[in-house]
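Throughout, read-outs are computed from the coordinates displayed, never taken from laboratory work. Because the structure is a prediction, the values reported are computed rather than measured. Every residue, glycine among them, receives a Cβ derived from its backbone with ideal geometry; neighbour counts consider all protein chains shown.
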């Protein structure tokens, strides 16, 4: 295989777009953007193909001149799309990645049986509409066949992205970790907004006012570690303040449960003052 293989992106959604743009900028030829047959998906594929100087095709009629196919479709669709494409070309000597954090490379087993080397190659990053994150510095989790993993490491190096390997059986725990780092963090943040509204602030005003402390907390976590970043009534052992928090949070739907869960996590992992009293209070 050439140093820079021709890559087909299967799925022109948020992740597929970010990968196609990053790979194109790193000098990888994007052979095609493969979409579903729907009008919306084909329109997305055409737009992305134009952006990365490629061509748009559909899953029922792809071209076969790519060396590497990167599946960026929803987890539930990976195996089905792989079966569709398995009938369209010869797979011996080709490489196939999928970008699922939760599923192992075995989702592409139909292509492995036809002679392709397969791997799961998942960037640990959030992809949302209206934002295309740079992938430099973003860690990629790898699992799969050795030939495919070698190619994944070369590509990640081109993108200036670090890599690490993950065992098949550890993929669910890995993905749960990822859920804590972004979507559940957003759930905690939106709960904070609701608590701020109980204190008389509008949601937009709350976001603006809480971002400095949130950013500093992340900075402290990075530079000082969890214990060094931990502050407030729990670390001080201020039982009465925590009791007041629990009383007022009853007015905010869901906030008491979130507060208790996070405070109990602090009891497990962080230096909490008056630990026994806090534990009794939080278990009521």
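Residue pairs whose Cβ atoms lie under 7 Å apart, sitting 6 or more positions apart in sequence or on different chains, and linking a residue in segment 85-98 that is in contact (Cβ under 8 Å) with a residue 40 or more places away in the chain and at negative phi to a partner that is surrounded by fewer than 23 Cβ atoms within 10 Å (Cβ to Cβ) and in a loop (DSSP other than H, G, I, E, B), are 85/59; 85/62; 95/67. Just one of (1) touching a helix residue (DSSP H, G or I) at 6+ places or on another chain (Cβ under 8 Å); (2) within 17 Å of residue 14 (Cβ to Cβ) fails for residue 186. It is (1). Among all positions in segment 222-241, there is no residue which is within 24 Å of residue 200 (Cβ to Cβ) and in contact (Cβ under 8 Å) with a residue 40 or more places away in the chain. All conditions in (1) in contact (Cβ under 8 Å) with a residue 40 or more places away in the chain; (2) surrounded by fewer than 16 Cβ atoms within 10 Å (Cβ to Cβ); (3) under 24 Å from residue 124 (Cα atoms) hold for residue 23, with the sole exception of (2).
Residue by residue, here is whether (1) out of contact with any strand residue (DSSP E or B) (no Cβ under 6 Å at 6 or more places or on another chain); (2) touching a residue at least 12 places away in the same chain (Cβ under 8 Å) holds:
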position: 110; (1), (2): yes, yes
position: 121; (1), (2): no, yes
position: 131; (1), (2): yes, no
position: 136; (1), (2): yes, yes
position: 142; (1), (2): no, yes
position: 161; (1), (2): no, yes
position: 172; (1), (2): yes, yes
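Being under 20 Å from residue 133 (Cα atoms) and touching a strand residue (DSSP E or B) at 6+ places or on another chain (Cβ under 7 Å) holds for only one residue in 96, 45, and it is 45.
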